[in-house]
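*Asks:* A single structure is presented below for examination.
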Amino acid sequence: MKKLIIVLIIIVLGGNLLAQKYENLAQTPPMGWSSWNKFGREINEDIIRRMADAMVETGLKDAGYEYINLDDTWQIDRDDEGNILVDSTRFPSGIKALADYVHSEGLKFGIYSCAGVKTCCGHPGSRGYEFQDARTYASWGVDYLKYDFCYADMDGQNTTASYKLMRDALYKAGRPIVFSICEWGTTQPWLWAKDIGHLYRTTIDITDCSKCLMVTGARGWLNILEESAPIWKYNGPGHWNDPDMLEVGNGGLTPTENKSHFAMWCMLSAPLMLGNDLENMTPDVLEILKNKELIAIDQDPLGQSAYRYIQDEEIEVWIKQLENDQWAMAVLNTSETEQDFHLEWNLMYMTRVFQKEFNAADSYKLYDIWNNKDMGTTAKPLEGKLEGRDVLLLRLTGE
Ligand code: GLA
C-alpha cells in the first residue's frame, strides 16, 4: 500500500513538474515586429529578411526591438509523417535558414500556428500535432510562438486545455520559446493564462484606424484602449495583457494619432510589436517608435499597466506606477477637436488605487516627454490645451 502511495505521489509530482511554461522569459513586454498588420497573406522569405535588415539599419534593434515574427500563411501541408511543410514557393530556403538569418543579425525569430485544425487563413493548424510541431519549431531555432484559436472555437475545443497542451508541448521540446496566446480575449485569458503563456491577446484584431468597428469585429486602438481599462491589474513580468500589434505608420492614422497610439500602448505595458513596413517609414514614425523615454515607460521593471484615473467625455487621464516612486501620466484627448483640460491634483486619492501611501504634502516634478521640458510640480493644478487625439505624456518624479 505504502509503495502504491509513493508511486502515485511520484506520478502526480512528475506530471506537475512538466506542466509549466518556460519561466524567466518576457520579464518586460516583448518588443519586435510581426508581418500581419502590413503584409497579411503576402509574405515571403525576402520580405522577412528585409525587415530584419531594416530593424538593424534603422536603429530599432538598438532601441530594444528584438523579435522578427512570421504570422499566418507560411505553412502549406503536412507530409506522410505529419511534419508541417512550409510553402516552398514563398520560402524556398525553409524556415530554419530564415531563423538562422534573423539570429545572425542578433535578433530573435517568431512563428505562428493555431490550436485548431486550420489557421485563421485556412492553412494547416496544430491540432493533433502539438508535440510534433513544438519539436519542429525547437529544431528550427524558433524563439516565439503566437498561437491562434481559429477552427477551434467552431469545433468546441476547450480554450484553456488547448493552450495548456501547447504549453506542455513547448516545454517538452526543450527550447525556451515565448508563448503568445491569441484567443482574442473571448474567455478572459487574463484570469487563467498567467501560468500558461507569456502574453495573451485581450481583444479581437486591431485595424488601422483610431475609433472604428469593422464587420469582422476588428477595431481601432481607441476602442481597444477602452476595453483595456478594466483589466489593468492583470499584468506583470512574464504575463502580459496583449492589446494587439501596433498600427503606427500604416497610413490610417494621422501623425498625432500615431503618437498617441504608441504612447498609450507604452502606458499599458503592452507588448510592442511593430506592424508597419520597416523599410518605408517617415522620419516622424521612426522617431515615435524609437522614443527612449516612452520605451522606458513600457519596459519599466515593475510591469504595471496604467489605471484610468479620469474619464471625461473627451479628456482621459491615465496613471502608471513606475519603479523608484516615479509615475507616468497621460492626458489624452480622445475627441477629434481641440480640448482644454484642467487637473486638480489629488494624490491622496491615488493611495486608494496604488500600493503606495501618499501624504498631503507630497509633491512631484513634472516632465513633458514629447517636448523634453519641465512642467512645474503637482503643487499647482495642471492646465492646457490638446489638439484632437493628442496626448500629453508626463513623467512624475518625487521632489
Ligand atoms: C487572427 C489573429 C491575427 C492574425 C490573423 C492571421 O485574426 O488575431 O492577429 O494572426 O489571425 O490569420
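*Asks:* Among Glu323, Glu316, Glu399, Glu344, which is the only one that is over 22 Å from Glu226 (Cα atoms), acidic (Asp, Glu) and at pLDDT 95 or above?
*Replies:* Numbers: Glu316 fails: over 22 Å from Glu226 (Cα atoms); Glu399 fails: at pLDDT 95 or above; Glu344 fails: at pLDDT 95 or above.
The match here is Glu323.
*Asks:* Another question about this same structure. Out of the residues in segment 59-68 meeting the condition of being more than 16 Å from the ligand (Cβ to nearest atom) and under 17 Å from Lys108 (Cβ atoms), tell me which one is most open to solvent (accessible area, probe 1.4 Å).
*Replies:* Taking segment 59-68 and keeping what is more than 16 Å from the ligand (Cβ to nearest atom), we get 59-66.
Narrowing the set further to residues that are under 17 Å from Lys108 (Cβ atoms) leaves 60-66.
Numbers: Leu60: 0, Lys61: 69, Asp62: 137, Ala63: 29, Gly64: 33, Tyr65: 2, Glu66: 63 Å².
Result: Asp62.
*Asks:* While we're on this one: Given the conditions (1) closer than 25 Å to Gly388 by Cβ; (2) open to solvent by 10 Å² or more (accessible area, probe 1.4 Å); (3) within 16 Å of the ligand (Cβ to nearest atom), which single one is not true for Pro283?
*Replies:* Every condition holds for Pro283 apart from (3).
*Asks:* Residues that are touching a Pro at 6+ places or on another chain (Cβ under 7 Å): list the strands (runs of 3 or more DSSP E) wholly contained in segment 286-368 that include at least 3 such residues. Explain how you work it out, then say what you get.
*Replies:* Numbers: elements: 307-311, 315-322, 326-333, 339-343, 364-368.
It comes to none.
*Asks:* Residue check: is Glu257 touching a residue at least 60 places away in the same chain (Cβ under 8 Å) and either open to solvent by less than 10 Å² (accessible area, probe 1.4 Å) or charged (D, E, K, R) (or both)? If you could, list the steps in order and put the result at the bottom.
*Replies:* On the way: touching a residue at least 60 places away in the same chain (Cβ under 8 Å): yes; either open to solvent by less than 10 Å² (accessible area, probe 1.4 Å) or charged (D, E, K, R) (or both): yes.
Taking the combined requirement at face value, the residue satisfies it.
*Asks:* Does segment 354-373 contain any residue that is among the polar types (S, T, N, Q) and within 17 Å of Glu316 (Cα to Cα)?
*Replies:* Restricting attention to segment 354-373, the residues satisfying the condition of being among the polar types (S, T, N, Q) are 355, 359, 363, 371-372.
Next, from what is left, pick out any that are within 17 Å of Glu316 (Cα to Cα): none.
No, segment 354-373 contains no residue that is among the polar types (S, T, N, Q) and within 17 Å of Glu316 (Cα to Cα).
*Asks:* Which residues, counting only those in segment 69-113, are within 19 Å of Leu278 (Cβ to Cβ), more than 15 Å from the ligand (Cβ to nearest atom) and part of a strand (DSSP E or B)?
*Replies:* Selection gives Lys108, Phe109.
Results for (1) within 20 Å of Asn250 (Cβ to Cβ); (2) surrounded by 23 or more Cβ atoms within 10 Å (Cβ to Cβ); (3) away from the ligand (no atom under 14 Å from the Cβ), shown as yes or no for each residue.
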site	(1), (2), (3)
Met31	yes, no, yes
Ser35	yes, yes, no
Gly40	yes, no, no
Met51	yes, yes, yes
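*Asks:* Turning to a different aspect of this structure: Search segment 369-380 for residues being of a type outside the set (A, V, I, L, M) and in a strand (DSSP E or B), and hand back the single one that is nearest to Ile295 (Cα to Cα). Break it down into steps so the answer makes sense when it comes.
*Replies:* At the first step, the residues of segment 369-380 found to be of a type outside the set (A, V, I, L, M) are 370-374, 376-378, 380.
Filter again for in a strand (DSSP E or B), leaving 373-374, 376-377.
Details: Lys373: 18, Asp374: 19, Gly376: 23, Thr377: 23 Å.
Out of the qualifying residues, it is Lys373.
*Asks:* Here's a follow-up. Would you mind stating whether Met166 is more than 27 Å from Leu253 (Cα to Cα) and at pLDDT below 95? Let's see the steps before the verdict.
*Replies:* Values: more than 27 Å from Leu253 (Cα to Cα): yes; at pLDDT below 95: no.
Here the answer is no, as Met166 does not meet what is asked.
*Asks:* Does segment 367-378 contain any residue that is touching a residue at least 60 places away in the same chain (Cβ under 8 Å) and touching an Asp or Glu at 6+ places or on another chain (Cβ under 7 Å)?
*Replies:* Pass one, segment 367-378, residues touching a residue at least 60 places away in the same chain (Cβ under 8 Å): 369-370.
Cutting the leftovers down to touching an Asp or Glu at 6+ places or on another chain (Cβ under 7 Å) gives us 369.
Yes, because at least one residue in segment 367-378 is touching a residue at least 60 places away in the same chain (Cβ under 8 Å) and touching an Asp or Glu at 6+ places or on another chain (Cβ under 7 Å).
*Asks:* Kindly list the number of the only condition in (1) within 14 Å of the chain's Cα centre (by Cα); (2) crowded, with 24+ Cβ neighbours inside 10 Å that fails for Gly275.
*Replies:* Condition (2) is where Gly275 drops out.
*Asks:* So which of Thr397, Thr337, Thr351 is open to solvent by 10 Å² or more (accessible area, probe 1.4 Å), among the polar types (S, T, N, Q) and without any contact (Cβ under 8 Å) to a residue 24 or more places away in the chain? Before you say what the answer is, go through the steps one by one.
*Replies:* Numbers: Thr397 fails: without any contact (Cβ under 8 Å) to a residue 24 or more places away in the chain; Thr337 fails: without any contact (Cβ under 8 Å) to a residue 24 or more places away in the chain.
Going through Thr397, Thr337, Thr351 in turn, the sole match is Thr351.
*Asks:* What number of residues within segment 194-237 are polar (S, T, N, Q) and over 23 Å from Gln27 (Cα atoms)? Outline the logic, then answer.
*Replies:* Of the residues in segment 194-237, the ones polar (S, T, N, Q) are 202-203, 207, 210, 216, 223, 228, 235.
Remaining after also requiring over 23 Å from Gln27 (Cα atoms): 207, 210, 216, 223.
Looking only at that region, the number is 4.
*Asks:* Considering only segment 302-336, state which residues are in contact with a Ser or Thr (Cβ under 7 Å, 6 or more places away or on another chain) and either farther than 18 Å from Tyr234 by Cβ or hydrophobic (A, V, I, L, M, F, W, C) (or both).
*Replies:* Passing the criteria: Glu314, Glu316, Gln326, Leu332.
*Asks:* So, in segment 365-388, how many residues would count as being out of contact with any Lys or Arg (no Cβ under 9 Å at 6 or more places or on another chain) and surrounded by 16 or more Cβ atoms within 10 Å (Cβ to Cβ)?
*Replies:* So the first thing to find is which residues in segment 365-388 are out of contact with any Lys or Arg (no Cβ under 9 Å at 6 or more places or on another chain), and the list is 371-373, 379-388.
Now drop any that are not surrounded by 16 or more Cβ atoms within 10 Å (Cβ to Cβ), which leaves 382, 386, 388.
Of the residues in that region, 3 qualify.
*Asks:* Kindly list, by first and then second residue, each pair from a residue in segment 107-128 that is open to solvent by 10 Å² or more (accessible area, probe 1.4 Å) to a residue that is within 10 Å of the ligand (Cβ to nearest atom) and part of a loop (DSSP other than H, G, I, E, B), limited to pairs with Cβ atoms under 7 Å and residues at least 6 apart or on different chains.
*Replies:* From segment 107-128, the pairs are Lys118/Cys150; Cys120/Asp72; Cys120/Cys150; Cys121/Arg41; Cys121/Asp72; Cys121/Thr73; His123/Asp72; His123/Thr73.
*Asks:* Given the conditions (1) open to solvent by 10 Å² or more (accessible area, probe 1.4 Å); (2) farther than 29 Å from Glu227 by Cβ, report the number of the one that Asp133 does not fulfil.
*Replies:* Every listed condition holds for Asp133 apart from (1).
*Asks:* Next question, about the same structure. Working only within segment 116-151, note down all residues that are within 12 Å of the ligand (Cβ to nearest atom) and not in a strand (DSSP E or B).
*Replies:* Hits for segment 116-151 are Gly116, Thr119, Cys120, Cys121, Gly122, His123, Gly125, Phe149, Cys150, Tyr151.
A quick yes/no check of all residues on (1) aromatic (Phe, Trp, Tyr); (2) out of contact with any strand residue (DSSP E or B) (no Cβ under 6 Å at 6 or more places or on another chain); (3) at pLDDT below 95:
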| residue | (1), (2), (3) |
| --- | --- |
| Ile6 | no, yes, yes |
| Ile9 | no, yes, yes |
| Asn16 | no, yes, yes |
| Thr28 | no, yes, no |
| Met31 | no, no, no |
| Ser34 | no, no, no |
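*Asks:* Among the residues of segment 379-394, which ones are touching a residue at least 60 places away in the same chain (Cβ under 8 Å) and among the charged types (D, E, K, R)?
*Replies:* Residues of segment 379-394 that are touching a residue at least 60 places away in the same chain (Cβ under 8 Å), as a first pass: 386-394.
Selection gives Glu387, Arg389, Asp390.
The values are calculated or read from the model by the stated rules, or taken from the named source; none is laboratory data. Remember, it's a predicted structure, so these values are computed and weren't measured experimentally. Ideal geometry is used to build each Cβ from the backbone, glycine not excepted, and the neighbour counts take in all protein chains shown. Keep in mind that these areas ignore ligands, DNA and RNA; they rest on the heavy atoms of the full protein, side chains included. Shrake-Rupley method; radii C 1.70, N 1.55, O 1.52, S 1.80 Å.
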